[in-house]
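Let me begin by presenting the structure, written as structure tokens, before commenting on it.
The values are calculated or read from the model by the stated rules, or taken from the named source; none is laboratory data. Fair warning: this is a prediction, and the values are worked out from it, not measured in the lab. Cβ atoms come from the backbone with ideal geometry, glycine included; neighbour counts cover every protein chain shown. With ligands, DNA and RNA removed, areas are computed over all heavy atoms of the protein, side chains included. Shrake-Rupley method; radii C 1.70, N 1.55, O 1.52, S 1.80 Å.
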Amino acid sequence: MSNYVAIRKWADEEVSSQRADKARIAIGLGTCGIAAGGNAILEAAERTLANNEEIKADVVSVGCIGICYKEPLLDIEIPGQPRLSYGPVTPGETKKILENVFIHNIYEHKKALAVIDDDAFSEIPSWNEIPFFAPQERTVLRNCGFIDPEKIEDYIANDGYAGLSRALLDMTPEAVVKETLDAGLRGRGGAGFPAGRKWTIAADNIHTLRESQPDLPSYGYVICNADEGDPGAFMNRSVLEGDPHSVIEGMIIAGYAIGADYGYIYCRAEYPLAIDRLKLALEQAREKNLLGENILGTDFSFDIKLKEGAGAFVCGEETSLIASIEGDRGMPMPRPPYPAQSGLWGIPTIINNVETLNNIPVILSKGAAIWAEKGTEKSKGTKTFALTGKVENTGLIEVELGMSLRQVIYDIGGGIPDGKEFKAAQTGGPSGGCLPKEQLDLTIDYEALAEAGSIMGSGGLVIMDESTCMVDVARYFLTFTQFESCGKCVPCRLGTKRMLEILTRITEGKGKIEDLDALEELAPSIRDSSLCGLGQSAPNPVLTTLKYFRSEYEAHILDGRCPAGQCKALITYTIDKVDCVGCVVCLRACPVDAITGAKKEIHIIDTDICTRCDTCRQVCKFDAVLIDGNLL
Amino acid sequence: MKKITLTIDHKKIEVPEGSTVLDAARAAEVYIPTLCDDPLLEPFGACRLCIVEIDGYRGLPTACSTPAADGMQVRTSSAMIETNRKTSMNLLLSDHPLDCQHCVANMRCDLQYVAAYVGVRGDNPYQGEKRSYELDDSNAFYNRDLDMCILCGKCVRACDEIQGRQAISFGYRGFSTKITAPFDLPIWESNCESCGRCVDMCPTGALFDKSQLKHGLPTGETKTTCPYCGVGCGLIVETKNGEIIGVRGDRENSVNEGHTCVKGRYGWEYVQHPDRVKKPLIRKYLLEGKKKSEIDKSSSDWEWAETSWDTALDITASNLAQIRDSHGADSIGFLTSAKCLNEENYLMNKLARQVIGTNNIDHCARL
Ligand SMILES: Cc1cc2nc3c(=O)[nH]c(=O)nc-3n(C[C@H](O)[C@H](O)[C@H](O)COP(=O)(O)O)c2cc1C
Ligand code: SF4
Ligand code: SF4
Ligand code: FES
């Protein structure tokens, strides 16, 4: 019996004995769950159990299942019965639901979100029928929210480490590289470089190095890029928190494939939960001989170290990341040499994103052909996105590549809230582009996004509605990229600064029409002559907003007007004479006493005093406060 | 070593493997503007002025960092290159004080030269905030005026790669990026050894010798060897009106490739100091042939008097001979100096062992 078969048997037994006669109460404790108050739910559940001896159940924490707008989530799984998911719940509701289900056998169906199984309860939809999940395709998130990320047996019982076992026991390293190449998996960290190609180059270089210098302490490294610095992105975090072993398994397979002997996970220090879970997972994997010396009884040895990053966006760039691990300031270096030629400590190194590595075990256990059934011809598989902004359902989603933006925004996202109009979708994080309504039918794949002037990036997807000012959006993203520029190269350090100054001027109503020429000159120059991806992509928000929303820039400059009513210097607050009932609420709330009037009299705003803080509009119960004459 | 052949602007050139495109261009005598490259430092790729076009390469690779390859076709000028280069130069100048006449680096500033080469004309289309810092004059020998700094990183790399001190590095991010000593303290509080290599490499007026504040450009330069120790570093002594106004390392000297220690670079003021002893001094009583036991030390006999080399040497020689004859050769010891050349040390050895007849000889480097 091979070591793996024994480990699998152990895991299956563990899991079934844990579940056979005991119910499981699972609480979503990803960062989103915690932020929504998950810990209070956990406490409430534990207290309820302590007070009711007749409830026999284990309380466990699971990672994020993706439906963040319904957190905190409470799942109940009773042996022999389908798993029910409730959310969002309060501590009080938790107590009530648990007592009803376990003691009174009453299922609070109205509160239930979905049943994580077939249609056992006709009045509750199955989770993959609810609109948020129905169009999704879960490969990367296969385990997130389902397994206990702190138990290796849960992962193994769900086919975990089966890919590693196949690779190590049945395949040569070359065959593993080929399988990855055949799958057509492209890097999920942003650039979309085929993982198999990167591995081939590294494997060749490691081989040559071994031949030419037989006495080196190590010949190759695998680095997992878990820096995830894009503001608002949490795809990688959810995977690390909800399924840490999948990434570790991917790294070990990568190490075997290219002939590396060491791995590093570079995880941002702002992800404490991910770090804790990774540490635990690494220990568990070592204990089960899945990591360390002679893995699964073979000659292959490989270990992984965790390195915490100190929170610079640019440290996600691969050469900076290497400098940072080496103890230097994270500043990009020109390539070539590429890391696969000369990387960490000058040794051939592959750097792959969390999600890239998370796909590897599936490719190895199911085979490249099955994995590659999903996706388009050039963009295979699925991709996770952090869907945020002005959309009904926000959260972590995973879709087959090739799905249209429209489907993501309207089917999964449930459309734009408050009956507002869709205006733009920003893909690819702070250096991605803003795509307008006309591009809604664009398919989400690497080529189509690039063609439209944006990028896939690592999976940020921000939806904006009509109340968003596109000039202000460009300014906002430039503020980020300028602040995070490492300062090394001229076009990025100074070019983004000058663009930011121009954009700020325009939003302050001080723009000149020549400013648009300067932006149009600067943006391509910065793109074409910056050293690293940060500078090269920083102009994207400017380029795309100029391309798709030029009239908005012109309105700011030529008409002194912000069409979205956002730019403070360009808007005026007035009170509608018809709708104002003279209730004095706004008058009292105004912090600078800009409003005059008396009870039952129409109020008036003195625009010279008004600081456009928006307080009056927010407090008015009669929608009588207007911006530029419009109700926003 | 394996050679590779490439073409730069229609010129074929053969260079050793491992050369960069910039190395090859220099060998072919094709000028490519650079501000952050130095042949003595590792490629860095910061200024983005050395961009070129290479067949089969995407975008605009930088010549300084791209390895030359066999059969490569390189173009150093095109509309695309010129536009981007001009933008980078205009951006650099948009954050640089523009009063060259009052700048210490006037006429020896690479930024000035390269800007002239690129040909930026008329009003700079990019105007905005300029960085402004307090002058750091804490170091005894050089000042740091970071308003002038273009962040080429040469000083940082010189300190790390050549001097091995790592006294300075990049600090902060974005527009606020600056070269700093640890914790942004004044440079004097860092572990800077004042070798001055950063000053030597700085392409602008951001780092300059304090002595440059007093004098303008030198009118003469003399190649010489450093007198301080036996290494024999090559120096270039800068002079004006018959006075030394500065010293820098001689890059063409294979011993030090332009590098010096603090003494060689900054310890030259003694040369023209009024207190400097330029002729031999001898106690008066020796000139008068008196004995030490016969004189009163409070009298003028004990005072120093100028004399000629011949007289001083004669008196020294005869006294040494007399001591040897009356007390034996081993009553005399010789101590030589690291400031002497090998040849001089050899001769001292001869003098001790053969002329005087003692083995009592040692060298300051052993003490
Ligand atoms: C400024 C900048 C930030 C980046 N940040 C990340 C990041 O947080 N995570 C990541 O995986 N890749 C990031 N990348 C991309 C990496 O340089 C690299 O391409 C990637 O990790 C390779 O992995 P992949 O091929 O699996 O995508 C960043 C690139 C740039 C230029
Ligand atoms: S593009 Fe920006 S972040 Fe990248 S090396 Fe240049 S200055 Fe640094
Ligand atoms: S001080 Fe001089 S050498 Fe150092 S980075 Fe600034 S310009 Fe370059
Ligand atoms: S000399 Fe090549 S980038 Fe500065």
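So the values come out like this:
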{"quantity": "Low-density loop cleavage sites - GluC sites (Glu not before Pro) in the range B:209-279, where at most 12 other Cβ are within 10 Å (DSSP)", "calculated": "B:252"}
{"quantity": "Nitroxide proxy distance, nm - points 7 Å out along Cα→Cβ at residue B:100 and residue B:332", "calculated": "6.3 nm"}
{"quantity": "Translational D in µm²/s for chain A (Stokes-Einstein at 20 °C, 1.002 mPa s, Kirkwood Rh from C-alpha pairs)", "calculated": "81 µm²/s"}
{"quantity": "The range B:277-325 - percent of accessible surface contributed by carbon and sulfur, probe 1.4 Å", "calculated": "52 percent"}
{"quantity": "Two-site FRET efficiency, residue B:10 against residue B:108, from Cβ-Cβ distance with R₀ of 30 Å, rounded to 0.05", "calculated": "0.35"}
{"quantity": "DSSP beta bridge pairing in the protein assembly as shown, given as percent antiparallel to the nearest 5", "calculated": "65 percent"}
{"quantity": "Inter-site label distance for residue A:345 and residue B:185 at 7 Å from Cα along Cβ, in nm", "calculated": "3.1 nm"}
{"quantity": "Hydrodynamic radius (Kirkwood) for the range A:460-579, which is based on Cα pairs only, to one decimal in Å", "calculated": "14.8 Å"}
{"quantity": "Potential extension, residue B:243-residue B:363 segment - 0.36 nm per residue separation minus Cα distance", "calculated": "39.9 nm"}
{"quantity": "Computed over the range A:17-129: relative contact order in percent, which uses C-alpha pairs under 8 Å that are six or more apart", "calculated": "26 percent"}
{"quantity": "Label zone at residue A:451, where the point sits 7 Å out along the Cα-to-Cβ direction: the range A:382-399 residues whose backbone N lies under 19 Å", "calculated": "none"}
{"quantity": "Length gained when the stretch residue A:212-residue A:608 is fully extended (0.36 nm per residue, less Cα-Cα span)", "calculated": "134.9 nm"}
{"quantity": "Accessible area per residue, Å², the range B:218-275 with all protein chains present, probe 1.4 Å", "calculated": "55 Å²"}
{"quantity": "Angle in degrees between helix B:79-94 and the longest Cα principal axis of chain B, rounded to the nearest 10", "calculated": "60 degrees"}
{"quantity": "Descending semi-axes in Å of the range B:254-355, equivalent ellipsoid built from Cα gyration tensor", "calculated": "32, 23, 11"}
{"quantity": "The range A:588-632-the range B:40-111 distance, computed between alpha-carbon centres (Å)", "calculated": "55 Å"}
{"quantity": "Using alpha carbons only: equivalent-ellipsoid semi-axes of the range B:3-93, gyration tensor based, whole Å", "calculated": "21, 15, 10"}
{"quantity": "Most to least accessible of A:390, B:339 (protein chains only, probe 1.4 Å)", "calculated": "B:339, A:390"}
{"quantity": "Principal-axis tilt of helix A:244-258 within chain A, Cα atoms, nearest 10 degrees", "calculated": "60 degrees"}
{"quantity": "At R0 = 45 Å, FRET efficiency that the Cβ-Cβ distance of residue A:407 and residue A:578 yields, to 0.05", "calculated": "0.60"}
{"quantity": "Accessible area that becomes buried as B packs against A, both chains, 1.4 Å probe, Å², nearest 100", "calculated": "2600 Å²"}
{"quantity": "Occluded residues from the range B:124-147, i.e. those whose accessible area drops by 50 Å² or more once the chain is not alone (1.4 Å probe)", "calculated": "B:126"}
{"quantity": "Cα→Cβ-extended label distance, 7 Å offset, between residue B:214 and residue B:57, nm", "calculated": "4.7 nm"}
{"quantity": "Residue-normalised accessible area of the range A:571-628, expressed per residue, 1.4 Å probe, Å²", "calculated": "59 Å²"}
{"quantity": "Additional length obtainable on full extension of the chain from residue B:306 to residue B:231, 0.36 nm per residue less Cα span", "calculated": "23.8 nm"}
{"quantity": "Accessible area of the range A:17-129 divided out per residue, in Å², using a probe of 1.4 angstrom", "calculated": "45 Å²"}
{"quantity": "Acute angle (nearest 10 degrees) that the helix B:309-327 long axis makes with the longest principal axis of chain B, alpha-carbon atoms", "calculated": "60 degrees"}
{"quantity": "Peptide-level mean, for B:81-87, of C-beta atoms on other protein chains within 10 Å", "calculated": "4"}
{"quantity": "Relative contact order of chain A, pairs being alpha-carbon contacts under 8 Å that are 6 or more residues apart, as %", "calculated": "11 percent"}
{"quantity": "Portion, in percent, of the accessible area of the range A:464-596 that falls on carbon or sulfur, probe 1.4 Å", "calculated": "52 percent"}
{"quantity": "Net +/- balance of residues flanking residue A:376 in space, Cβ distance below 14 Å, scoring K and R +1, D and E -1", "calculated": "-2"}
{"quantity": "Rg to Rh, two decimals, where the range B:185-271 supplies the alpha carbon set and Rh follows Kirkwood", "calculated": "0.96"}
{"quantity": "Using a Förster distance of 45 Å, the FRET efficiency for residue B:291-residue B:252 (Cβ separation, nearest 0.05)", "calculated": "0.25"}
{"quantity": "Averaged over B:165-173, number of beta-carbon atoms from partner chains that fall within 10 Å", "calculated": "3"}
{"quantity": "Dimensionless Rg over Rh [the range B:328-367; C-alpha; Kirkwood]", "calculated": "0.97"}
{"quantity": "Count of Lys pairs (Cα-Cα under 25 Å; at least 8 positions apart or interchain) in the range B:215-290", "calculated": "10"}
{"quantity": "Mean residue ellipticity (222 nm) of the protein assembly as shown, computed from DSSP H runs ≥ 4 via -39,500 (n - 2.57), nearest 500", "calculated": "-9000 deg cm²/dmol"}
{"quantity": "The range B:328-367: relative contact order as a whole-number percent, Cα under 8 Å and 6+ apart", "calculated": "56 percent"}
{"quantity": "By average C-beta atoms within 10 angstrom, highest first, the peptides A:603-610, A:68-75, A:323-330", "calculated": "A:68-75, A:323-330, A:603-610"}
{"quantity": "Exposure rank, largest accessible area first [B:309, B:302; 1.4 Å]", "calculated": "B:309, B:302"}
{"quantity": "Test item: A:328-337 mean partner chain Cβ contacts at 10 Å", "calculated": "4"}
{"quantity": "Simple Cβ-charge dipole of the protein assembly as shown, Lys/Arg +1 and Asp/Glu -1, about Cα centre, in debye nearest 20", "calculated": "2040 debye"}
